[in-house]
Amino acid sequence: MSAFFCCIWWFLLGLLLGWLLNWLLSNWLRKDSDDHGGGSGTAHAAYSAPAAAPVVRTVMGAGGIDIAAAAAAGFSIKGADDIIIIEGIGPKIKELFNAHGVSTFEQVSKMSIAQMSEILDKGGPRFKLANPGSWAEQARLASTNQWGALKKLQDELYAGVAAVADPSPDDKA
């Protein structure tokens, strides 16, 4: 019978330690996000103050990017110029562009397809499938906060390329 009680004590100790570790990590992460502008500066303001009328504010990032409008259009932007939201650009292509001094929507919008292809070629064969045909237009829409138009354009794209409709039966002959 004493072995049973011993197991219960170890189980309870594990629960306590798990709860304590969870509490410490959540407070540490909350403090870290507050230090970097991710929070309101007070960890428990939502719990201590009564609900006030909602305040509508526009969050403008670098280059005048309206992050709140982007979020309202369905984009999850991690920074003011998160070029990953461009259909066809992923984390590796972003790293490649950043290594070549291209990191903002405005810079991508001013590039030609040849310039983007040159950067992709320098990245090696793993980037051969990338097609930068619509990237400048997408970047222009993002840099001018035309998030609705960008969403509509991206709905028509597949991996950054305009979706091709099935050819008609007459064209198959």
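Quick note: the coordinates plus some simple rules give every number you see, no bench work behind them. Because the structure is predicted, anything quoted here is derived from the model rather than measured. Methodologically, a virtual Cβ is constructed for each residue, glycine included, from the backbone with ideal geometry; neighbour enumeration extends over all protein chains shown.
Relative contact order for the range 62-162: what is it in percent, counting Cα pairs under 8 Å that are at least 6 residues apart? Kindly include the intermediate steps, with their values, before the conclusion.
Values: 122 pairs, mean separation 33.8, N = 101.
Here the relative contact order equals 34 percent.
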Just want the answer: with Cβ charges of +1 for Lys and Arg and -1 for Asp and Glu, which residue in S143, N131, I67 is farthest toward the dipole's positive end in the range 62-162? N131
